[in-house]
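Read the figures in this text as sums done on the coordinates, not as results from a lab. Just so it is clear, the model here is predicted, and its values are computed rather than measured. Note that each Cβ is placed from the backbone with ideal geometry, even for glycine, and that neighbours are counted across all protein chains shown.
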Amino acid sequence: MKCSNRTPLRSLFILVAVMSPATLAQTPAQNSAPTANTVATADAEKKNIQAYINLMRENVRQDKAEIMGAIMVLSAADAAKFWPIYSEYDAQLTKLNDQRVENIKQYARDYPQMTDEEADQLVQKSMTYQKERAELLAQTYEKVKQALGAITAARFAQVEHQLLLIIDLQIASSLPVVEQGS
């Protein structure tokens with residue numbers, strides 16, 4: 001697989017910045033009753049967010065696969081073993097990320113009036129997500145190791161871990177910051 005000339009994950013960073021939950025969560029609350037215009041705007045905003053999420057996932061998968069392919073440098077025989085394992089991993093990761101997206105949406109939506117209980121539930125969900133993602137990566141490492149050996153599996157795990165860290169950093173930087181004295 002050949003890596004393109006564009007900056008890897010550039011589109012991810014742009015899309016995450018555009019759909020930033022911080023932007024949504026820090027919008028001042030309206031005290032008046034919703035008008036048809038505000039309802040239409042909210043509906044359009046929800047559709048736009050979903051479109052950005054879908055596009056982001058599409059681009060992330062493509063960019064990650066391009067980066068992985070460029071770094072793994074697999075022979076045709078090894079690629080035939082690796083890519084089905086990676087595709088299965090990516091499909092399972094996508095399901096996990098669905099949970100993460102819902103958690104982020106809830107955080108952005110509820111942030112201005114969040115209770116202690118809601119905050120705790122969201123953090124618990126986030127920690128469960130992180131644990132399940134780490135377990136998935138470990139399971140996939142074992143599959144790659146069985147199919148291609150520990151050196152190739154280690155390379156996969158290192159690259160995937162670094163890509164996940166970049167994505168995590170971008171997402172974390174877009175979330176609302178807790179203000180002092182709140």
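Under a point spin-label approximation (7 Å from Cα along Cα-to-Cβ), what is the Gln162-Arg109 distance to one decimal in nm?
Distance between the two pseudo-spin positions: 3.8 nm.
Once label points are set 7 Å from the Cα along Cα→Cβ at both Glu117 and Ala147, what is their separation, rounded to one decimal in nm?
4.6 nm
Name the shape class, rounded, prolate or oblate, that the alpha-carbon gyration tensor gives for the range 121-178, where a ≥ b ≥ c are the square roots of its eigenvalues, rounded holds for a/c under 1.5, and otherwise prolate holds if a/b is larger than b/c and oblate otherwise.
oblate
So how much slack lies between Ala172 and Lys125, counting 0.36 nm per residue of separation and subtracting their Cα-Cα distance, in nm? Walk me through the numbers before you get to the answer.
Working: separation 47, 0.36 × 47 = 16.92 nm, distance 1.53 nm.
Difference between extended and current length: 15.4 nm.
Give me Phe156, Phe82 ranked fewest to most by other Cβ atoms within 10 Å of their Cβ, as a rough exposure proxy. Mind dumping the intermediate values first?
Numbers: Phe156 25, Phe82 22.
Least to most surrounded, the residues fall as Phe82, Phe156.
Which values, in whole Å and largest first, are the semi-axes of the equivalent ellipsoid of the range 99-149 obtained as the square root of 5 times each eigenvalue of the Cα gyration tensor?
34, 10, 5
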